[in-house]
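Participant: Sharing a structure here in structure tokens format.
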Amino acid sequence: MMKVLHLIAVTVFGLLPVSSLCASAVDIEFVSIKKSAASWRFSVTLRHADTGWEHYANGWRVVDKDGKVLGVRVLYHPHVNEQPFTRSHQIAVPATVKELYVEARDNKQGWSKNRVKIDLSKTKGDRYEIK
């Protein structure tokens, strides 16, 4: 019986790349937005176990409740020694949109299932922050 279990484990795990066994999702730790004319300035703080060019957080985006992408902030290099880190981006949000989501990705696993909801009807003046 043990040989069969060992064979199954070797077969199953042998097909998976090591990076997928050790990888972790990108965490969105903080989002701050500020109204600026016809757009919003999004500042997003991410945490990820960047290991270098082979595995790093490489972007975040803002989507509406239907999944339409409103803006993307591409991250062009790893942040191995800078965790967590914050990057900002100006994004035009139609006045009719009241519910947004911030999503993050890495270059191995793609878009994380962890995302942050933003309810623009709950902004305080021209600002909104969520932790």
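The values are calculated or read from the model by the stated rules, or taken from the named source; none is laboratory data. These numbers were taken from a predicted model, which means no experiment stands behind them. Cβ atoms come from the backbone with ideal geometry, glycine included; neighbour counts cover every protein chain shown.
Participant: Would you mind stating whether PRO94 is in a loop (DSSP other than H, G, I, E, B), of a type outside the set (Gly, Ala, Ser) and surrounded by 11 or more Cβ atoms within 10 Å (Cβ to Cβ)?
Facilitator: It is false that PRO94 is in a loop (DSSP other than H, G, I, E, B), of a type outside the set (Gly, Ala, Ser) and surrounded by 11 or more Cβ atoms within 10 Å (Cβ to Cβ).
Participant: Okay, next question. Would you please name the residue that is nearest to ARG115 (Cα to Cα), looking only at residues in segment 50-75 that are under 14 Å from the mean Cα position of the chain (by Cα) and surrounded by fewer than 14 Cβ atoms within 10 Å (Cβ to Cβ)?
Facilitator: The selected residue is VAL69.
Participant: Just the residues that are out of contact with any Phe, Trp or Tyr (no Cβ under 6 Å at 6 or more places or on another chain) and either among the charged types (D, E, K, R) or touching a residue at least 40 places away in the same chain (Cβ under 8 Å) (or both), please, taken from segment 47-61.
Facilitator: ARG47, HIS48, GLU54, HIS55, TYR56, ALA57, ASN58, GLY59, TRP60, ARG61
Participant: Of the numbered conditions (1) among the hydrophobic types (A, V, I, L, M, F, W, C); (2) touching a residue at least 24 places away in the same chain (Cβ under 8 Å); (3) farther than 17 Å from ALA25 by Cα; (4) surrounded by fewer than 16 Cβ atoms within 10 Å (Cβ to Cβ), ALA37 satisfies every one except a single condition; which is it?
Facilitator: All conditions are met except number (2).
Participant: State yes or no: is VAL74 within 24 Å of LYS122 (Cβ to Cβ) and at pLDDT 90 or above?
Facilitator: Against the criterion (within 24 Å of LYS122 (Cβ to Cβ) and at pLDDT 90 or above), VAL74 does not qualify.
Participant: Right, next: For the condition surrounded by 13 or more Cβ atoms within 10 Å (Cβ to Cβ) and in contact with a Leu (Cβ under 7 Å, 6 or more places away or on another chain), what is the one hit in ARG87, ARG47?
Facilitator: Details: ARG47 fails: in contact with a Leu (Cβ under 7 Å, 6 or more places away or on another chain).
Every option except ARG87 fails the conditions.
Participant: Are any of the residues in segment 83-100 of a type outside the set (A, V, I, L, M), farther than 14 Å from ILE28 by Cβ, touching a His at 6+ places or on another chain (Cβ under 6 Å) and touching a residue at least 40 places away in the same chain (Cβ under 8 Å)?
Facilitator: Looking through segment 83-100, none of the residues is of a type outside the set (A, V, I, L, M), farther than 14 Å from ILE28 by Cβ, touching a His at 6+ places or on another chain (Cβ under 6 Å) and touching a residue at least 40 places away in the same chain (Cβ under 8 Å).
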